[in-house]
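Chemist: Got a structure here, written out as structure tokens. Questions coming.
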Amino acid sequence: MDYRAEELAVKAGTTVRNIRSYRDHGLLPAPERRGRLALYDDSHLDRLLLISKLIPRGYTLAHIGELLSGQARGGGVAELLGEIYREDTDTNR
């Protein structure tokens, strides 16, 4: 299904401003352009719903970006957290 930004915001329980912010932070892919219309699909909705679950749990947009990047590379959460742990211990030495 296709959504305009306003429709997507309502469906995801967020605002158009947040959608733009998530796009600016690289957390949400650009919408498909059809002439002057920007159309989002269910993959955008799924991503927004995931983001909305992570933010109340204390994840920052930067953390969410790292998780999504790891997921896109095919890595699991445990693998990504292991990378973060190794980086933290290396910088604390």
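Chemist: For the stretch 1-36, enumerate the residues that are free of Cβ contacts under 8 Å to residues at least 40 places away in the same chain and touching a strand residue (DSSP E or B) at 6+ places or on another chain (Cβ under 6 Å).
Modeler: Once the filter is applied, which keeps residues that are free of Cβ contacts under 8 Å to residues at least 40 places away in the same chain and touching a strand residue (DSSP E or B) at 6+ places or on another chain (Cβ under 6 Å), the stretch 1-36 yields D2, P31, E32.
Chemist: Working only within the stretch 10-19, note down all residues that are within 14 Å of the chain's Cα centre (by Cα) and open to solvent by less than 40 Å² (accessible area, probe 1.4 Å).
Modeler: A12, T14, I19
Chemist: Something else: Could you please let me know if L54 is assigned to a loop (DSSP other than H, G, I, E, B) and open to solvent by less than 60 Å² (accessible area, probe 1.4 Å)?
Modeler: Criteria not met by L54.
Chemist: Has the stretch 49-57 got any residue that is under 19 Å from D2 (Cα atoms) and in contact with a strand residue (DSSP E or B) (Cβ under 9 Å, 6 or more places away or on another chain)? I'd like the intermediate steps shown before the answer.
Modeler: Applying the first criterion (under 19 Å from D2 (Cα atoms)) to the stretch 49-57 yields 49-50.
Narrowing the set further to residues that are in contact with a strand residue (DSSP E or B) (Cβ under 9 Å, 6 or more places away or on another chain) leaves none.
The answer is no, given that none of the residues of the stretch 49-57 is under 19 Å from D2 (Cα atoms) and in contact with a strand residue (DSSP E or B) (Cβ under 9 Å, 6 or more places away or on another chain).
Chemist: Let me ask something else about it. Of the conditions (1) in contact with a helix residue (DSSP H, G or I) (Cβ under 6 Å, 6 or more places away or on another chain); (2) hydroxyl-bearing (S, T, Y); (3) over 17 Å from L8 (Cβ atoms), Y40 satisfies every one except a single condition; which number is it?
Modeler: Among (1) in contact with a helix residue (DSSP H, G or I) (Cβ under 6 Å, 6 or more places away or on another chain); (2) hydroxyl-bearing (S, T, Y); (3) over 17 Å from L8 (Cβ atoms), the lone unmet condition for Y40 is (3).
Chemist: Here is a follow-up. Answer yes if at least one residue in the stretch 18-34 is at pLDDT 95 or above and of a type in the set (V, I, T), and no otherwise.
Modeler: Yes: one or more hits.
Chemist: Report, by residue number, each residue of the stretch 20-51 that is open to solvent by 60 Å² or more (accessible area, probe 1.4 Å) and in a strand (DSSP E or B).
Modeler: Those that are open to solvent by 60 Å² or more (accessible area, probe 1.4 Å) and in a strand (DSSP E or B): E32, R33, R34, L37.
Chemist: Does any residue of the stretch 37-58 turn out to be within 15 Å of D24 (Cβ to Cβ) and free of Cβ contacts under 8 Å to residues at least 12 places away in the same chain?
Modeler: No: zero hits.
The values are calculated or read from the model by the stated rules, or taken from the named source; none is laboratory data. As the structure is a prediction and not an experimental result, all values here were calculated from the model. Using ideal geometry, Cβ is built from the backbone for each residue, glycine included, and neighbour counts are taken over all protein chains shown. We work out accessible area using only protein heavy atoms, side chains counted, and drop any ligands, DNA or RNA first. Shrake-Rupley method; radii C 1.70, N 1.55, O 1.52, S 1.80 Å.
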